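Here is the structure we will look at.
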Amino acid sequence: MSGLAPGSRRATWLAWALQALFVMAVVGGAFWLVQHALETLRARGVRSGFDFLWDAARFEVAEGWLDFEGSQPLWRAFLAGLINTVRASVPAAVLAVVLGTLLGIGRLAPHRLVRWLCAFYVQTVRNVPLLLQLLMLYFAITHLLPDSTEAIELMPGVWLSKGGLSMPWPVSEPGSFWPSQLDWPERGSFNVTGGAALSPEYLAVVLALALYTAAFIAEIVRAGIGSVSAGQKLAAQALGLTPGQQLRIVVLPQALRVIVPSLTNQLLSLTKNSSLAVAVGYPELVSIANTSLNSTGRAFECIAVIMAVYLALSLLTSAVMNRYNARVALRGWQ
């Protein structure tokens, strides 16, 4: 900001100060509301407060990256639920962006059949509720796939069955930190053993979130590509670029200025939609909170934790995407 005029610097600092005051006011108001609600509950003889988070959970978490036992405190159970939420949301977001980009490009393809197929997918998936799609995928995985004893080998070392998806996974030798070999799953007489296993619940959640969000991202990509002027495309053709090079070098970099802001909204929606995973029994944040609520009776506190965590995830996602959007916009003007 050293190159700015004194008046511009004062305006910038004033804007930052106002934003800081607004954030402090919002945080202070939220803190007051929580304290007021807790005092009201105590006055009515209802146990309240967040001290229950240090009590033993007395329930297990079926899967996840964080090892958890029922004797551990409830805050660790919420942490395991948060990690499971991120564990499902991040792969789903990556798949949704890749698939949505391909669908958006396909909707503008010169081949009529490709355009119709992509349009049919987008219009169908967008107009079917996500919860219904999630339940349909879970039913398909758990009822239509073969048993673990007859698992399908998709490729060497990758097995798919009602029990989920098993794949090779790097493991380290005792006393070593870095993985030194792959543990390959094998189909046995009763089950598929070895490697890493992804549960049917996890697969259904990731696929449902990815397939549903991809339909909306496809329309965003289509609109972004359509916003690039025809002159830019003609100039790329005049340079002798192939259609793929035109799209990759000329069209998509300019379309990102239109795509990224709307894409941010879809990624935020995907993260919040992951709460529907409770419908198929995947132990994410809302599922853990429901179990904690039933065992402790602290409804207000459990809901407050859910709200705070999703707010933090949304703000983090927005911050990352806004920073990326600023880089895209700057690159577009250079």
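Which log10 I(q)/I(0) values, to two decimals, does region 10-158 give at q = 0.11, 0.12, 0.14, 0.15 Å⁻¹ under the Debye formula with one point per Cα? Cα-only, vacuum Debye calculation for region 10-158: -0.92, -1.00, -1.10, -1.12.
Using the Karplus relation 6.51 cos²θ - 1.76 cosθ + 1.60 with θ = phi - 60°, the per-residue 3J(HN,Hα) values for region 269-286 come to 5, 4, 4, 6, 5, 4, 5, 5, 4, 4, 5, 10, x, 6, x, 8, 4, 5 Hz, with x marking Gly and Pro. The distance from the alpha carbon centre of region 89-164 to that of region 167-202 is 25 Å, rounded to a whole number.
Please compute the length gained on full extension between Trp65 and Arg323, using 0.36 nm multiplied by the number of residues separating them and subtracting their Cα-Cα distance. Working shown, then result.
Details: separation 258, 0.36 × 258 = 92.88 nm, distance 2.88 nm.
That pair, Trp65 and Arg323, stretches by 90.0 nm at full extension.
Per residue, the chain exposes 59 Å² of solvent-accessible protein surface, assessed with a 1.4 angstrom probe and all protein chains in place. For region 97-256, dividing the convex hull volume of the Cα atoms by the residue count gives 177 Å³ per residue. The magnitude of the dipole of region 111-259, with charges of +1 and -1 set on the Cβ of Lys/Arg and Asp/Glu and taken from the Cα centre, is near 1060 debye. Each of Met155, Met321, Met167 has its accessible area taken with a 1.4 Å probe; listed largest first, they run Met155, Met167, Met321.
So for region 229-322, considering every pair of alpha-carbon atoms, how many percent are separated by more than 22 Å?
53 percent
How about region 112-141: which chymotrypsin sites (Phe, Trp or Tyr not before Pro) there are in a DSSP loop, with at most 16 other Cβ atoms within 10 Å of their Cβ? Listed in order of number, the matching sites amount to none.
Take every Cα-Cα pair in region 12-85 and report what % of them are more than 13 Å apart.
Numbers: 2014 of 2701 pairs.
Everything past 13 Å amounts to 75 percent.
Annotation: extensible slack from Phe50 through Phe300 equals 89.0 nm (criterion: 0.36 nm per residue apart, minus Cα-Cα distance). A viscosity of 0.890 mPa s and a temperature of 25 °C, combined with the Kirkwood radius over C-alpha pairs in the Stokes-Einstein formula, give the chain a diffusion coefficient of 103 µm²/s.
Charges were assigned to the Cβ only: +1 to each Lys and Arg, -1 to each Asp and Glu. The resulting dipole of the chain about its Cα centre is roughly 1840 debye.
Across region 279-334, how large is the tail of the calculated P(r) beyond 15 Å, expressed as a percent of all Cα pairs? If you can, show how the numbers build up before the last one.
Values: 967 of 1540 pairs.
Pairs farther apart than 15 Å: 63 percent.
Over the C-alpha trace of region 175-334, radius of gyration and Dmax come out as 22.5, 69 angstrom.
Find which of Trp116, Phe59, Tyr202 sits farthest along the positive direction of the dipole of the chain, computed with +1 on the beta-carbon of Lys and Arg, -1 on that of Asp and Glu, about the Cα centre. So the residue we want is Trp116. For the chain, the relative contact order comes to 18 percent (Cα pairs under 8 Å, sequence separation of at least 6). Within the accessible area of the chain, the carbon and sulfur atoms contribute 66%, probe 1.4 Å, all protein chains present.
Sorted by mean Cβ packing within 10 Å, highest first, what order do the peptides 204-216, 13-25, 236-248, 266-278 take? Each step should come with its number before you reach the end.
Values: 204-216: 24.4, 13-25: 10.1, 236-248: 12.9, 266-278: 20.5.
Going from most to least packed, we get 204-216, 266-278, 236-248, 13-25.
Model label points for Ala43 and Ala235, set 7 angstrom from Cα along the Cα-to-Cβ axis, are 6.8 nm apart.
The values are calculated or read from the model by the stated rules, or taken from the named source; none is laboratory data. Treat the numbers as computed from the prediction; the structure is a model and nothing was measured. Note: ideal-geometry Cβ built from the backbone for every residue, glycine included; neighbour counts use all protein chains shown. Just so you know, the surface numbers come from the protein's heavy atoms only, side chains and all, with ligands and any DNA or RNA stripped out. Shrake-Rupley method; radii C 1.70, N 1.55, O 1.52, S 1.80 Å.
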